[in-house]
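Everything on this sheet refers to the single structure shown next.
The values are calculated or read from the model by the stated rules, or taken from the named source; none is laboratory data. Owing to the predicted nature of the structure, the values given are computational and were not obtained by experimental measurement. Neighbour counts are summed over all protein chains in view; Cβ atoms, including those assigned to glycine, are modelled from backbone coordinates with ideal geometry. These accessible areas exclude ligands, DNA and RNA; they are computed on the full protein's heavy atoms, side chains included. Shrake-Rupley method; radii C 1.70, N 1.55, O 1.52, S 1.80 Å.
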Amino acid sequence: MYTTGEIAAEVALEKPGLDTLDIAVFWGGSPTIASTQTILVNASTSKAHYLHQNQYVEFDPTQGLVPLVVPGQHELAQSLPWGGTSHPVWYRKDPRVANCKAQGGVFNAALMNGVPQIVAGALEATKDMTAEERDAALTETAAQVMNQMPPRENPRLNKSLDSVHASGPLGRAHVVIHGNQNYKQTGLLQAFAAYWLLQRAPLRVGFASGCQAFGHRALLGQPAGVRAGLASSRHR
């Protein structure tokens with residue numbers, strides 16, 4: 001889910017002397033039924049953390065929505081920590097990085113404005129339940145938010161944006177990756193990972209991110225290659 005943001009971070013870190021990552025991840029379109037359930041369960045039952053001087057620090061659970069400047073538009077976008085994303089985990093023991101904070105959301109402001117209320121209501125309704133009862137209630141709440149599969153992804157609507165500001169004592173870098181069709185991006189990266197593993201060992205074994213296992217430049221080339229191929233076919 002956050003591999004594209006990690007690719008952007010790794011491109012920024014190609015410049016030496018940067019130790020702080022400020023990451024924003026945004027999507028357009030609607031989540032699937034399963035994604036809605038995951039989002040609600042995680043937001044209701046898990047704490048969110050960022051990395052500060054190589055240590056996990058919990059986000060203030062009362063901070064609510066945080067407006068972020070999104071490259072390419074004048075309107076501010078509303079964001080949430082979403083559990084802190086996976087980025088602080090991957091950079092926890094990376095000698096290059098001391099600080100890593102990530103926030104994100106969807107471009108649909110009305111939907112984002114409703115998320116804190118939905119989560120707060122779910123927490124209040126399930127506070128006295130057992131874990132099993134809570135999970136069942138959260139699944140039911142998620143079904144009220146999204147109970148049918150969204151339509152086929154439309155590149156005009158299902159867009160994505162990953163922005164990374166990297167800074168440090170020796171400089172700054174800003175990397176932005178614009179994309180579309182988020183679920184297709186996921187499928188493409190998974191297919192490439194399988195293709196790689198059928199031919200050779202990963203760059204890192206065990207618990208590793210996509211960039212650690214396959215290299216960020218190799219992963220970056222997959223969606224870029226598809227876009228180039230489509231553009232070439234259109235001009236023939």
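When you restrict to C-alpha pairs under 8 Å that are six or more residues apart and normalise by the size of region 66-166, the relative contact order lands at 19 percent.
With the chain treated as a Gaussian network of Cα nodes joined by springs under 10 Å, which of LEU198, LEU157, LEU18 yields the largest mean-square fluctuation? The residue that fluctuates most here is LEU198. Helix 216-234 axis versus longest C-alpha principal axis of the chain: approximately 80°, rounded to the nearest ten.
Calculated mean residue ellipticity at 222 nm for the chain: -13500 deg cm²/dmol, from DSSP H runs with n ≥ 4 weighted as -39500 (n - 2.57), summed, divided by the residue count and rounded to 500. Taking a sphere under 12 Å around the Cβ of ALA173 and counting the other residues whose Cβ falls inside, with K and R at +1 and D and E at -1, yields a net charge of -2.
Net charge in the neighbourhood of VAL25 (other residues with Cβ under 15 Å of its Cβ; Lys, Arg +1, Asp, Glu -1) is -2. Just grab the label-to-label distance for ARG217 and THR38, each label 7 Å out from Cα along the Cβ direction, in nm (one decimal). Spacing of the two 7 Å Cα→Cβ label points: 3.0 nm.
So what's the net charge close to PHE192: Lys and Arg +1, Asp and Glu -1, counting the other residues with Cβ under 13 Å from its Cβ?
Details: positive: LYS184, ARG200, ARG217; negative: none.
Its environment carries a net charge of +3.
Taking Cα atoms, how many degrees apart are the long axis of helix 182-197 and the longest axis of the chain, rounded to 10 and kept between 0 and 90? The two axes meet at around 50 degrees. Against the longest principal axis of the chain, how steep is helix 3-12, in degrees 0 to 90 to the nearest 10, with axes from Cα atoms? Helix 3-12 sits roughly 50 degrees off the main axis of the chain. The antiparallel fraction among DSSP beta bridges confined to the chain stands at about 75%.
Measure off, as a whole percent, the carbon and sulfur share of the 1.4 Å-probe accessible area of region 95-228, all protein chains present. Each step should come with its number before you reach the end.
Numbers: 4720 of 8150 Å².
Result for region 95-228: 58 percent of the exposed heavy-atom area is carbon or sulfur.
Computed over the chain with a Gaussian network model linking Cα atoms closer than 10 Å, the most mobile of ARG156, ARG134, ARG217 is ARG156. Using a Gaussian network model of the chain in which every pair of alpha carbons under 10 angstrom is joined by a spring, one finds that among GLY215, GLY114, GLY28 the greatest mean-square fluctuation is at GLY114.
What number comes out for accessible area per residue over the chain if the probe is 1.4 Å? Units Å², please.
For the chain, the solvent-accessible area averages 57 Å² per residue.
Using a cutoff of 8 angstrom between alpha carbon atoms and counting only pairs six or more residues apart, the relative contact order for the chain works out to 30 percent.
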